[in-house]
Every structure is written in structure tokens, then in C-alpha cells.
Amino acid sequence: MSSVATIKSNIIPPHLEVKGGCPLNGVLKVSGAKNSSLALMAASLLTKEKLLIKNVPQLTDIEVMSEILRNLGAKLTKTNNSIEINSESIHNVELPYQLVHSLRASFFCVGPLLTRLGEAKIPLPGGCNIGARPVDEHINGLKALGAEVEVINDVVKAQVSTKDKRLRGANITLKYPSVGATETILMASCLALGKTTISNPAREPEIQDLAKMLNSMGAKVFGAGTKRITILGVDSLSGTSHFVIPDRIEAGTFLIAAAITRSPLIIGPVIPNHLSAVISKLKECGCLISQHGEHHLKIIPREISGVDITTSPFPGFPTDLQAPFMSLMATAKGSSKIKERVFEKRMQHVLELNKMGACIYQENNTAYIKGVKELVGSNVEGGDLRSSAAIILACLSAKGNSIFTGLEHLDRGYEKLEEKLTNAGSIISRNFDQPTSQRSISNKIISEDNINTQKNAA
Ligand code: EPU
């Protein structure tokens, strides 16, 4: 194997060592949706009864959300991919900055806290690696429902001052179909007095999943997934058991993994219409994709040509797959243009892909890509969750070996990624801190023998 990546320092952080150029085959299993699970966990605060959420992926984001719920007084029992949440005795209305800071989705707790305890104090989550990410739409929605909300020293203080401590139904129009704001308003309005409408809501499948679970708890939510959601407030919600939808972003990442390694793969379970925009672009650039049984997709990549994409809210091309798709376009025949329109700072992968030999020119939120014959293994680093996935896909397709650092981002959103990819034929290993003096990775890990040992041990 050729020597490619050389580590210059003595200690390297936890990393993946990826052998490029291995074809994939077989089936890649898709876990439950991270972003659904986070909202569903927050919604557990709306009932005093036990809630069982199944098919929850094991991820660090889920661990942080679990910690947040415990901090508020909920009791959690986890078994493999199921979480039972008992929020009967929640008492705390205040979330510490540290927890909110590490998980923006913690802001989902505002609505349920206001509804259950009449009060919530949550530090502003602030910007993050992919952009400023304000919460004005969440706050405006809560105010429209009758909450008093003020932001003092970057802490959002919200309370319900009506005598009955209930929010009031309202007609709310979102300026932008924000996923988080739609979820906040949905959760806050289920137990409000009267009828709420949300015009221009987000229509993402995760919204539909949340509405489905709320309805099975006794809520009356109509029209989730359409351009207008109506919620008829009820007096209380009960416990339920809910199975989380498959993660469409993980599924899309796997489809792109097949395309970038030019390997036929079966991917599932999926709900194909959650992936329509992605399937359509993959077909346009040269992949054959067909349904395989009821819940799987079969992808057969042929020659990949450059196609343009622009990200937009569902049902448009998802921002969460912009980075992985750029890796694919970096290896396509011809040129392509990728526009990011959802977040301001979501092209951190450009630099790393160029390090691997890609030819990408970025101007503001648009990337102009000229496909190259092959990428070359390198030492690369992920700056956020989806750029990390993109870089790993690039490493899989590259000539030679790569070292990927940035596992703290990857582990937020991809359950057992290297195990799944290894089972499908790629050669990846995870390594923790270790002295490496001017070491060439090809000398050590990524030998066939080493990987065979790993497989046998598994
Ligand atoms: N926005 C506002 N004001 C608001 C809310 C949002 O201006 O009050 C802006 C944001 O700054 C952004 C745009 O609206 O520019 C979209 O934000 P949105 O609220 O829709 O996104 P989110 O709820 O913060 C969720 C996912 C993201 C995913 C986006 C878009 C969760 C926990 N996160 O974020 O997932 O990219 O929707 O689909 O559901 C990821 O999984 O890697 C991830 C970032």
C-alpha cells in the first residue's frame, strides 16, 4: 500500500484511519433519525406519564439531551435503542449554559417547560460552526401564544402569567419555515387553550414524526407536512410508545457513499419520499436507484457527471447533505455549482477537499467545482457534523490513505459509522491518543491483517 498521510506531531487526537479506494458492497443499515429523536425527547416533558421512544440512535447529541432532561428532573431508562422517559416530577425550569451550549436542540425544552411549569429560563444557544442560528422565530411564536418572553444577559426568560397558567391559541405565520421554531410552537400549542395555526411551517419529515407522536399522546395536530398546521389545544397529554422514522440524512449519506465509491449498495430502512430531492439529483448525475423490497433502496452508480444543487427547506435538497454531495461532485466528470441557502457558514469542507486534490472555488455561499479524476488521501479534519461525513466519503474514494480528525463532530450524528462501513467492505479503524513519531499510517494500521483481526474480534 502506498504511503500517503504522515503525522507530524507526537500525539494525534482520536481519529479514523481510512484506506481509500475500497469498493463497498452489501447492505448499509440506517438508524433512527437523530433530529426527530431530539424533538421527541423534549416532547416527553409535556406529559406526566411514561413515554417510550424506540429506534433512537446512540449518539453524543442524544446523550446530551438525556442529560438535559435529567437536569430538569425527568427519569430516563435506556435499553439499546429505546429510551423510556418519565417526566412526572420535573421541577427545574432553568437550563445551565454548558448543556445548552453543547446542544442547540436543548432550546426545544422551552415550550414544554412553559406548558408544564409555566416558566423557563434558557441561555441563548448562540451561533455555532455552521452559522449565527438566531431563535427569534421561536420567541415570536411563544409570544404570540401569550408567553411573556424577555432576553436578559443572553438568557431567555419566558413565563405564562394567565390565571390558569395556560398559553392561548394564536395564528402564527413564520417568516422562514424554521424546523426548530415549528417544533417549538407545535409543542407549546398542544396544551394551549383554543386553536393555533402555523402558516409557512417547516415541512420536514421530522415535523411529521413529532406531530404523529403528539397525536398518539392525545394531541390534535392536523396538516403536519403541509403549508399550514392546525393545532386544537387539549387539556392533557398521555404517555405513548413511538418508533422513530429512519434517518433520511444518514440514508442520503450512504447513497452518496455508494456513488462516490462507484459501488452498488442496498440501503435501508428508508422512507423513499423523504429522500426525493436527493434521489432525483443522484439519478441526474448518473446513478440507477430503485426500490428494493418495501423499505430499502438499491443504488447502482454509473459514470458520475457534474450537476448543480441549491439547498432549501424540505422538500428541497437538504442542507445537511450539501457537504456530502460536494465530495461526490469533486470526483464527477465535468463541472458543477453548489449553493448553500439555509445556513451562512456551511462550507468548511471546501478547504479539506481541496487538500485532497479537489478543485473547488468558493465565493460566499456558492462553490464552483471542477471534477478531478481522483482525490488523494490526506490528513483531514471535520469542522462540523456534516462536513465530517463529507470528508470521510472523500477519504473512502481517495487514492491512498487518510487520517480523519474531528470525531467529536461525527459522533454527534452518525451511529457506529465506521462499523457499518467496515461491514460493507471499507477499511477504517478508530484510534485513540497514541504516540506517533513521524509515522506513516500505511505502515501500521491499514494493513489487511489488522482489519481482519478487527472483523474477527467483532
Ligand atoms: N432561523 C432564524 N430564526 C429562527 C430560527 C431559524 O433566522 O428563529 C434561521 C437559521 O439561522 C437558519 C435557517 O433559519 O439559517 C434554518 O434554521 P432551522 O430553524 O430550520 O434549523 P434548526 O431547527 O436550527 C434543524 C436541524 C439541522 C438542520 C436544519 C435545517 C435539528 C436539531 N437540527 O436545525 O440539523 O440542518 O434543521 O434542516 O433538528 C444537523 O443535523 O447536522 C443539523 C444541523
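The values are calculated or read from the model by the stated rules, or taken from the named source; none is laboratory data. Please read these numbers as outputs of a predicted model, since none were measured by experiment. As a convention, Cβ positions derive from the backbone with ideal geometry for all residues, glycine included, and neighbour counts pool all protein chains shown. For accessibility, only protein heavy atoms count, side chains too; no ligands or nucleic acids. Shrake-Rupley method; radii C 1.70, N 1.55, O 1.52, S 1.80 Å.
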Please state the relative contact order of the range 43-192 as a whole percent: Cα pairs under 8 Å, 6+ residues apart? 21 percent
Local electrostatic count at E94 - Lys and Arg +1, Asp and Glu -1, tallied over other residues with Cβ under 12 Å: +1
Counting DSSP beta bridges with both ends in the chain, the antiparallel % (nearest 5): 75 percent
Using a 1.4 angstrom probe with every protein chain in place, what is the largest-first accessible-area order of E63, E415? E63, E415
222 nm [θ] for the chain, helices only, -39500 (n - 2.57) per DSSP H run of 4+, per residue, to 500? -9000 deg cm²/dmol
Quote the FRET efficiency, to the nearest 0.05, computed for I152 versus K227 with a Förster distance R0 of 41 Å and r equal to the Cβ-Cβ distance. 0.70
Using a 1.4 Å probe and counting only protein heavy atoms, arrange D61, D308 so the residue with the most accessible area comes first. D308, D61
Given axes a ≥ b ≥ c from the Cα gyration tensor, I'd like to know whether the chain is rounded (a/c under 1.5), prolate (a/b larger than b/c) or oblate. prolate
Length gained, N71-Q291, 0.36 nm per residue minus C-alpha separation, equals 74.8 nm
Can you tell me the order of 352-359, 89-96 when each peptide is scored by its average per-residue count of other Cβ atoms within 10 angstrom, highest first? 352-359, 89-96
Where a ≥ b ≥ c are the square roots of the eigenvalues of the C-alpha gyration tensor, would you call the range 281-370 rounded, which needs a/c under 1.5, or, failing that, prolate if a/b is larger than b/c, or oblate? oblate
Please turn the phi angles of the range 211-220 into ³J(HN,Hα) values with the Karplus equation 6.51 cos²θ - 1.76 cosθ + 1.60 (θ = phi - 60°), one per residue in order, whole Hz, x for glycine and proline. 4, 4, 5, 4, 5, 6, 8, x, 6, 10
Can you check what the net charge comes to around D411, using other residues whose Cβ is under 14 Å from the Cβ of D411 (Lys, Arg +1; Asp, Glu -1)? -2
Which of V376, V135 is most accessible, then next, and so on - probe 1.4 Å: V376, V135
Scalar couplings 3J(HN,Hα) for the range 328-336 by Karplus 6.51 cos²θ - 1.76 cosθ + 1.60 (θ = phi - 60°), nearest whole Hz, x for Gly and Pro, are 5, 5, 5, 10, 7, 7, x, 10, 8
For the range 302-414, what's the relative contact order in percent, using C-alpha pairs closer than 8 Å and at least 6 residues apart? 25 percent
For the range 145-203, just say rounded, prolate or oblate: build the C-alpha gyration tensor, square-root its eigenvalues into a ≥ b ≥ c, call rounded for a/c under 1.5, and beyond that prolate if a/b exceeds b/c, oblate if not. oblate
How many percent of the accessible area of the chain is carbon or sulfur, using a 1.4 Å probe? 50 percent
Accessible area per residue for the chain in Å², computed with a 1.4 Å probe and the full protein assembly in place, what is it? 40 Å²
May I ask you to compute the full-extension gain from E303 to K399, defined as 0.36 nm times their residue separation minus their alpha-carbon distance, rounded to one decimal in nm? 32.8 nm
For the N354, E284 Cβ pair and Förster radius 22 Å, calculated FRET efficiency rounded to 0.05 is 0.35
Taking only Cα atoms, what is the 0 to 90° angle, nearest 10, from helix 60-72's long axis to the longest principal axis of the chain? 20 degrees
The chain, relative contact order in percent, only Cα pairs under 8 angstrom and at least six apart counted: 23 percent
